[in-house]
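The values are calculated or read from the model by the stated rules, or taken from the named source; none is laboratory data. None of these values were measured; they are calculated from a predicted model. A quick note on method: Cβ atoms are made from the backbone with ideal geometry, for glycine too, and the neighbour counts reach across all protein chains shown. Ligands, DNA and RNA are excluded from the accessible area calculation, which covers all protein heavy atoms including side chains. Shrake-Rupley method; radii C 1.70, N 1.55, O 1.52, S 1.80 Å.
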Amino acid sequence: MVTTLIRRIIQAGFVILAMTVIVFLGVNVIGNPVDILINPDLNQAERLRVIESLGLDRPLWQQYLSFLHGLTEGNFGNSFVYSKPALDVILERLPATLELALCAMVIAIVVGLPLGLYAGLYPNRVSSRVIMTGSILGFSLPTFWVGLMLILLFAVQLGWLPSNGRGETAMLFGVRWSLLTWDGLSHLLLPALNLALFKTSLILRLTRAGVQEVIMQDYVKFARAKGLRENRIILVHILKNLMIPVVTIIGLEFGSLIAFSVVTESIFGWPGMGKLIIDSINLLDRPVIVAYLMMMVVLFVSLNFIIDVCYTLLDPRVRLDGKG
């Protein structure tokens, strides 16, 4: 087990190293930040001075080696726009995105898992068919349209919830969180619901499909033949055995919530990393873009590693060394 974990960590290190090359080259061959950041009225001498201060006068391979050296120290360089470390710029926005993604995933699990379990156990009921129809809408409706409708209904027409911003925050462990205040929670609810809609439908349909597959297995039939209580059969024999694909989806989709919440953050004016990366792309702020992409690479590699470990906890028959 320990050997397998060490092997997986080494593999993850090679993946991250390969991604440093792809990310760095991909970002640096697109556009020229000098054309956006430098005033065109500057003379040639001042222009060259600014280019040199940004480190853009060096060959690309030297910039990459400098980038790798900075990574070992946790330094992604200074933002061209904010004139401070790019990692600090991202970390300032991370709590807002993290709490939004966390709330959205909690909503998706709390709603999607029980509804999917119910629809799988009682597929012929009218309520189950209504649930599955609703899940199709969750897949089909565009996120930006749902966000606008939520704002129109709950913020404009009913006036129950605010439409943008993060609201009042409170400090915890040196970080500001909206979850700790009622005003912050009211600002958080609409974007979290909007972000959770697709994930809820995904978890719901995956859970239903898992129930339909597991419920036909011999061990479930044998458990019923032994006279076990239905609640025990559902919780121990059905739910536990269908959780492996569900855990995979939850882990990966949580990462996607953090990485790709751009649309929701833009619609609701949520000051998170999604809005930051859009602004950085528009301004070709390369250090911030590279730092953000590398954080996402590390995030997804870590999530895949954690998911593999969770497999062995859910099902002892699954072994990490058997997954290659």
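A compact table of results
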{"item": "Square roots of five times the Cα gyration tensor eigenvalues for region 235-302, Å", "result": "33, 15, 6"}
{"item": "Calculated Rg and Dmax of region 205-250 using C-alpha coordinates, Å", "result": "10.8, 33"}
{"item": "The chain, dipole about Cα centre (Lys/Arg Cβ +1, Asp/Glu Cβ -1), debye to the nearest 20", "result": "1600 debye"}
{"item": "Mean Cβ neighbour count within 10 Å, used as a protection proxy, ranking 267-274, 207-214, 7-14, 162-169 highest first", "result": "267-274, 207-214, 162-169, 7-14"}
{"item": "Net lengthening on full extension, residue 179/residue 75 (0.36 nm per residue, minus Cα-Cα)", "result": "34.4 nm"}
{"item": "Three-way shape call for region 266-308 based on the alpha-carbon gyration tensor, with the a/c threshold at 1.5", "result": "oblate"}
{"item": "Highest-first arrangement of 280-287, 199-206, 154-161, where packing means the average Cβ count within 10 Å", "result": "199-206, 280-287, 154-161"}
{"item": "Percent accessible area from carbon and sulfur atoms, the chain, protein chains only, probe 1.4 Å", "result": "66 percent"}
{"item": "Average silhouette area of the chain, convex hull of alpha-carbon atoms, in square nanometres", "result": "22.0 nm²"}
{"item": "Dimensions (Å) - region 188-286, Cα atoms, principal axes, largest first", "result": "66, 27, 15"}
{"item": "Among 61-74, 119-132, the order from most to least packed when residues are scored by Cβ within 10 Å on average", "result": "119-132, 61-74"}
{"item": "Residue-normalised accessible area of the chain, expressed per residue, 1.4 Å probe, Å²", "result": "54 Å²"}
{"item": "Per-selection Rg to Rh, region 134-201 - Cα, Kirkwood hydrodynamic radius", "result": "1.06"}
{"item": "Rounded to 10°, Cα long-axis angle of helix 126-140 versus longest principal axis of the chain", "result": "10 degrees"}
